[in-house]
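Chemist: My questions all concern the structure below.
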Amino acid sequence: MRNTSGFPRIMGVVNVTPDSFSDGGAWFSTADACNHALALVRDGADILDIGGESSRPGASPVGEQEEIQRVVPVVVAVRALHGSVDISVDTVKYGVARAALDAGATMLNDISGLDAEPRLAELAAEYNVPIVLMHMQGTPRTMQQNPAYGDVVSEVYEALEAKIARARELGASQVYADVGIGFGKTLEHNMHLLAHHKTFTGLGVPLVLGISRKSFLGKLLGIEKASERDAATLAMHLLLADSGADIIRVHNVSYLAQARVLRRELNKWDAGEDCKPNAGAGRQPESA
């Protein structure tokens, strides 16, 4: 369902990996990952996106059983402690997705957009959960070697349109789309997609946008460390406020959650609700 609240839902990233580009190894144990996930919920995350395989450029693949051993215990632990938060599993593998859904996950996030495993759409239908289909040129191991497009906006649009149709043919009814910023794209490709992101609302499905801490922000602003790009991430999302995104995927949830509170407060005033200042606010100082 498309967001109508005036601010996208916030998806917090939980990388149960030793090698993710931003925080690889920080939450690699089940206990650390669970504690981090619960902290993201306290900070304001509506959805947790739990992944056990890095998708950074050049990343090596992880075996299915190893990925299950990384992801499923975290899903189980989080679900035991928080019954209502939506849990997305970030995977391209059928076995991992099924195991995570059985453990309590409520959403699938497929960076391959069904290219790696079309049966993920069948799982989404079977479990009646949403599935995010992302666009990626190549694979994580090859995607940044030489990404090339004639017209990146139209080509990504057409590719996502085909992926959505395929998912529906396989039975999925709750389909989301992600343009895949940084996945087989140069800085210029990323900026074209962001500048024209509202075009993708024409796909007729909710849109997920993931730009958090990505290298193009670092290149634009000269920020080498991924962990120091949170302010840039927030700034870009605020600039993209009218871009049509329904879900924002971020590492630092608190910044976006604060922005959401401020947006809601502004909306109240804009709607003419009775939001009077505190007594005394704006009062002129008394004379001495």
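Chemist: Taking into account only those residues within segment 41-60 that are among the aliphatic types (A, V, I, L, M) and at pLDDT 95 or above, which is farthest from Leu133 (Cα to Cα)?
Modeler: As a first pass, look at segment 41-60 and keep what is among the aliphatic types (A, V, I, L, M): 41, 45, 47-48, 50, 59.
Cutting the leftovers down to at pLDDT 95 or above gives us 41, 45, 47-48, 50.
Numbers: Val41: 24, Ala45: 21, Ile47: 16, Leu48: 17, Ile50: 16 Å.
Checked segment 41-60; the qualifying residue farthest from Leu133 (Cα to Cα) is Val41.
Chemist: Mind listing whichever residues of segment 88-112 are touching a strand residue (DSSP E or B) at 6+ places or on another chain (Cβ under 8 Å) and farther than 16 Å from Glu53 by Cα?
Modeler: Step one: filter segment 88-112 for residues touching a strand residue (DSSP E or B) at 6+ places or on another chain (Cβ under 8 Å), giving 88-92, 96-97, 100-101, 104-112.
Scanning segment 88-112 gives Leu101, Gly104, Ala105, Thr106, Met107.
Chemist: Need a quick list: helices (runs of 4 or more DSSP H) entirely within segment 144-248 having at least 3 residues that are under 15 Å from the mean Cα position of the chain (by Cα).
Modeler: Working: elements: 152-169, 187-195, 215-221, 230-239.
Filter on segment 144-248 gives 230-239.
Chemist: Now for a different question. Inside segment 227-254, can you point out the residues that are farther than 27 Å from Val16 by Cα and polar (S, T, N, Q)?
Modeler: Ser243
Chemist: Looking at segment 217-242, which of its residues are surrounded by 20 or more Cβ atoms within 10 Å (Cβ to Cβ) and small (Gly, Ala, Ser)?
Modeler: Correct list: Ala226 only.
Results for (1) touching a helix residue (DSSP H, G or I) at 6+ places or on another chain (Cβ under 9 Å); (2) buried (at least 22 other Cβ atoms within 10 Å of the Cβ); (3) more than 23 Å from Pro130 (Cβ to Cβ); (4) at pLDDT 90 or above, shown as yes or no for each residue.
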| position | (1), (2), (3), (4) |
| --- | --- |
| Val16 | yes, yes, no, yes |
| Asp23 | yes, no, yes, no |
| Ala39 | yes, no, yes, yes |
| Arg79 | yes, no, no, yes |
| Ser84 | no, no, no, yes |
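Chemist: Would you please name the residue that is nearest to the chain's Cα centre (by Cα), looking only at residues in segment 93-121 that are in a loop (DSSP other than H, G, I, E, B) and of a type in the set (A, V, I, L, M)? Before the answer, list the steps.
Modeler: Going residue by residue through segment 93-121, those that are in a loop (DSSP other than H, G, I, E, B) are 93, 104-106, 111-118.
Filter once more, so that each one left must be of a type in the set (A, V, I, L, M): 105, 111, 114, 116.
Values: Ala105: 15, Ile111: 11, Leu114: 17, Ala116: 19 Å.
Step by step, filter segment 93-121, then rank; the result is Ile111.
Chemist: For Leu170, state whether it is under 12 Å from Val205 (Cα atoms), hydrophobic (A, V, I, L, M, F, W, C) and modelled with pLDDT of 95 or more. Walk me through how you get there before you give the answer.
Modeler: Details: under 12 Å from Val205 (Cα atoms): no; hydrophobic (A, V, I, L, M, F, W, C): yes; modelled with pLDDT of 95 or more: yes.
No; evaluated as a whole, the condition is false for this residue.
Chemist: Taking the condition of being closer than 27 Å to Ser60 by Cβ, at pLDDT 95 or above and not aliphatic (A, V, I, L, M), how many residues in segment 116-148 meet it?
Modeler: Summing the residues that are closer than 27 Å to Ser60 by Cβ, at pLDDT 95 or above and not aliphatic (A, V, I, L, M) in segment 116-148 gives 4.
Chemist: Can you name the residue in segment 1-14 that is hydrophobic (A, V, I, L, M, F, W, C) and modelled with pLDDT of 90 or more and is also surrounded by the fewest Cβ atoms within 10 Å (Cβ to Cβ) among such residues?
Modeler: At the first step, the residues of segment 1-14 found to be hydrophobic (A, V, I, L, M, F, W, C) are 1, 7, 10-11, 13-14.
Adding the requirement that they be modelled with pLDDT of 90 or more leaves 10-11, 13-14.
Working: Ile10: 23, Met11: 28, Val13: 26, Val14: 30.
Checking each candidate, the answer is Ile10.
Chemist: Here's another thing I want to ask about it. Among the residues of segment 129-164, which ones are surrounded by fewer than 17 Cβ atoms within 10 Å (Cβ to Cβ) and basic (Lys, Arg)?
Modeler: Scanning segment 129-164 gives a single hit, Arg141.
The values are calculated or read from the model by the stated rules, or taken from the named source; none is laboratory data. Remember, predicted model here, so these are calculated numbers, not experimental data. For neighbour counting, all protein chains shown are included, and Cβ atoms are generated from backbone atoms with ideal geometry for every residue, glycine included.
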